[in-house]
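Okay, so here's the structure we're looking at.
Rule-based calculations on the coordinates, nothing more; no lab input. All figures in this text were calculated on a predicted structure; none of them were measured in a lab. Glycine also receives a Cβ, built like all others from the backbone with ideal geometry; neighbour counts cover every protein chain displayed.
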Amino acid sequence: MNIMFNTFTSSNIFIGAIVLWAIGAAGSLFLRKNDNLSNTFGNCFAVLGSILGLISSSLVFIGGFEFSFNIVSSLPLLSLSFKVDKLAAFFIFTISLIALLSSLYALEYIKHYYTKYNIGTLNFFYNIFILGMVLVVSANNALFFLIVWEIMSLASYFLVIYENKEKDNLKAGSLYFIMTHIGTAFITLAFLLLYSATGSLDFSIIKENIGNVTPLVKNIVFILSIVGFGTKAGIIPLHIWLPGAHPAAPSHVSALMSGVMIKTGIYMFIRIFMDIITTAPVWWGTVILILGAISSLLGVLYALTEHDIKRLLAYHSIENIGIIMMGIGSSLIFWSLDMKPYAILGLVAALFHTINHAIFKALLFLGAGSVISKMHTRNMEEYGGLIKYMPQTAFFFLIGSMAISAFPPFNGFFSEWITFQALFKGIMISDTSVRWAFLTAAGSLAFTGGLAAMCFVKVFGSTFLARPRSKEVSHAKEAGIKIRFSMLILSTLTLLLGLASGTVTDILSGIVNNLGIFNKVKPVLLATAVNVRLEDNFSAVSIPLILIILIVVTVLIFILVSAFTLNTKIQIGDTWDCGSTLTSRMEITATAFANSIISIFHGVLKPTKQITIEYRDASMRYFPKTETVRLGTKDIYRGYFYLPVQLLTTKVSGYVKKIQSGNINTYILYILIILIAMLLLASI
């Protein structure tokens, strides 16, 4: 009786969350003529809906009170099917958590949009966006899924182009719109193939009848899903929309898009490959593993070339999606080779990094938004010395930087540690091709970790340290209390998830075990409150112990330094620079910092250099007035893949256009030919 009550409660709280987000959207639009009311109403309802989302999802993946229900209509498009199991609840929890803190942040952050843009429109699409993401991971029917997937995509598109006075934002939005609908087309084809084989669009029925699907159709569905959901996840080379769209959106929206929206693609990878289709050949996992290795390494390399702080963070989302993909790929390979306990290890790593990335990436985007709102530019070359004016923001950003760089005791360290354990176990597999795939992935992950640390040394140093490089820095001041509170909570969570990694691992193992293919499989990752180790004692780690060691070492160093400098007089004066006056132009820039790495990887990054010279006398061109050097990288994906595809499509369209003669008799002939062809096909 108690279980039935809690299940009923969790489902009703879930419906309550949906209603609150819908009210927040409608109310914001209704109050659109009053910026302050629209801001307060829309974001407060987003906060309340997110709180209910957290409660409902916690009851499911911690308490085990799963639920499903259908809203039936005579019209198929109006029939809704929901199922919230532990996996769906985990993603709803992640979405609700980031939405809650982003909404608190937005209460103060979006005030700088007052009178410039319509706040009611922003909060309408913002609430619809959150609602769409939650419905995507709870949909249990392919048709309903496609509808809410489109709602999520369209809402995020309008948020990307919200600052529509900026032409770059409109271009970024257009590219995102095109790419997301190309992805949707592939997803639709995958669902249609499953429908043709099973006779149903209901995910539960498809799962029950998956034995009717031939291996060929499964392979085609796999490829279509990789393209469709991989486009939303931002894996390379399907990522070209992401570095433009995420920076274009308001920063609290960027936190949601980068922290959780791209994870809807990850959710569907797990749902289709490891829940609906329960048998997978080894090459499926190998493809995902290699795509993850490529995305993680290239993502961090492209991030190093950026001096736009939000584009840099967007590229790091590609990097971290790659790390998650490595966990999923290794899990699929282990499952295919009947190494089920290690398959759990890989999937736990993927899920742990999913929530870790959501937290520290949201923290970094909110920190970047705080800086941008004061500096009015995303160019890091115009920052410098902001730690004096925004010390708390700098501290929170530093914590996020350490977490994303996988420094212990923060959360990013542990999820990458588990990923390494899965990859090391894969290296021991006897199959040579699979072993080399794991070796490549392990090398890529190791290299990615080092480059990520280097990148955030660049970001933090060029943004918060050294001397100001523009006049705007002196006018900057600390962000408001709501903004700092949101960043404080996220910073605390990066530490708590690291310290409580054993408890979190147990919860995630329970979520994975709840999937049918892992039912009653004993995990190899043994976790306690203070220690996590592999069952065969291959490796072990204790984050609390690491924290204690770090504290003890820090205290000892402080004591030793204090003892040796006790009687030393310290004089503070201006730095001597050969008699010259120190200026900000003497500092190493963000671009110069990364130049050595760009030179090493010039074959991949394809660096470009553009020199613009303005002369004192344009007719003589002898005496330069100014010289500007612009460094960049060539977009090889557009140049070598997307542009040729675009040109081919345009050429084919030109030929197809010729059949539109404008003659009705010709069109009747076309219809007749099609009918004859259909009759012939039906008779075969």
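Taking every Cα-Cα distance in the stretch 223-369 and sorting them into 5 Å bins from zero, the calculated P(r) comes out as 2, 11, 21, 24, 18, 12, 7, 4, 1, 0 percent. Amide H contacts of residue 633: 608, each under 5 Å away and 5 or more positions distant or on a separate chain (H built 1.01 Å from N in the peptide plane; Pro and chain starts excluded).
Using the C-alpha atoms of the chain, what convex hull volume per residue, in cubic angstrom, is computed? Walk me through the numbers on the way to the answer.
Values: hull volume 156.8 nm³, N = 684.
Value for the chain: 229 Å³ per residue.
Is the C-alpha gyration tensor of the stretch 637-683 telling us rounded, prolate or oblate? Criteria: a/c under 1.5 is rounded; beyond that, a/b larger than b/c is prolate, otherwise oblate. Intermediate values should be presented prior to the final figure.
Details: a/c = 7.49, a/b = 1.90, b/c = 3.95.
Judged from the Cα gyration tensor, the stretch 637-683 comes out oblate (a/c at least 1.5, b/c at or above a/b).
Partner lysines whose Cα lies under 17 Å from the Cα of residue 165, excluding those fewer than 8 positions away in the same chain, are identified as 116. Listed values for the stretch 515-525 are Karplus-derived 3J(HN,Hα) couplings in whole Hz (6.51 cos²θ - 1.76 cosθ + 1.60, θ = phi - 60°), namely 5, x, 6, 9, 4, 6, 8, 7, x, 8, 8, and x replaces Gly and Pro. Here the sum of -39500 (n - 2.57) over DSSP H runs of 4 or more residues, divided by the residues of the chain, equals -22500 deg cm²/dmol at 222 nm, to the nearest 500. Listed by chain and number, the aspartates and glutamates placed with their C-alpha closer than 18 angstrom to that of residue 609 are 306, 308, 381, 627, 635; residues fewer than eight positions away on the same chain are left out. Residues whose amide H comes within less than 5 Å of that of residue 390, counting only those at least five positions distant or on another chain, are absent (H built at 1.01 Å from N in the peptide plane).
Quick one: Cα convex hull volume of the stretch 443-512, Å³ per residue? Display every interim value, and only then the final one.
Working: hull volume 10.7 nm³, N = 70.
Per residue, the Cα convex hull of the stretch 443-512 comes to 153 Å³.
Computed from phi, the 3J(HN,Hα) profile of the stretch 566-572 under the Karplus parametrisation 6.51, -1.76, 1.60 (θ = phi - 60°) reads 4, 9, 8, 8, 10, 10, 10 Hz, with x in place of Gly and Pro. Placing unit charges on C-beta atoms (Lys and Arg positive, Asp and Glu negative, everything else neutral), compute the dipole magnitude of the chain about its Cα centre in debye, rounded to 20. The calculation lands at about 1160 debye. Of the two radii for the stretch 257-322, the radius of gyration is 1.08 times the Kirkwood radius, both from the alpha carbons; that is the Rg over Rh value. Each peptide in 646-656, 150-160, 118-128 gets a packing score, the mean of other Cβ atoms within 10 Å over its residues, and the list from highest to lowest is 118-128, 150-160, 646-656.
Each residue of the stretch 313-322 was assigned a 3J(HN,Hα) from its phi angle through the Karplus curve 6.51 cos²θ - 1.76 cosθ + 1.60 (θ = phi - 60°); the sequence is 5, 5, 5, 5, 5, 4, 4, 6, 4, x Hz, with glycine and proline shown as x. Loop-resident trypsin sites (Lys or Arg not before Pro) (DSSP state other than H, G, I, E or B) in the stretch 108-215 with no more than 14 further Cβ atoms inside 10 Å of their Cβ: 116, 165.
Place the peptides 561-574, 339-352, 213-226 in order of packing, highest mean first, counting for every residue the other Cβ atoms within 10 Å and averaging per peptide.
So the peptides 561-574, 339-352, 213-226, ranked by packing, come out 339-352, 213-226, 561-574.
For the stretch 303-564, the share of alpha carbon pairs falling in successive 5 Å distance bins from zero is 1, 6, 12, 15, 16, 14, 12, 9, 7, 4, 2, 1, 0 percent. Using alpha carbons only, the radius of gyration of the stretch 371-464 set against its Kirkwood radius gives Rg/Rh = 1.17.
Across the stretch 171-222, what fraction of all alpha-carbon pairs, as a whole percent, falls in each successive 10 Å bin from zero upward? All Cα pairs considered, the percentages come to 24, 42, 19, 13, 1.
Database remark: amide H of residue 65 closer than 5 angstrom to the amide H of 60 (H placed geometrically; neighbours at sequence offset of 5 or more, or on other chains; Pro and chain starts carry no H).
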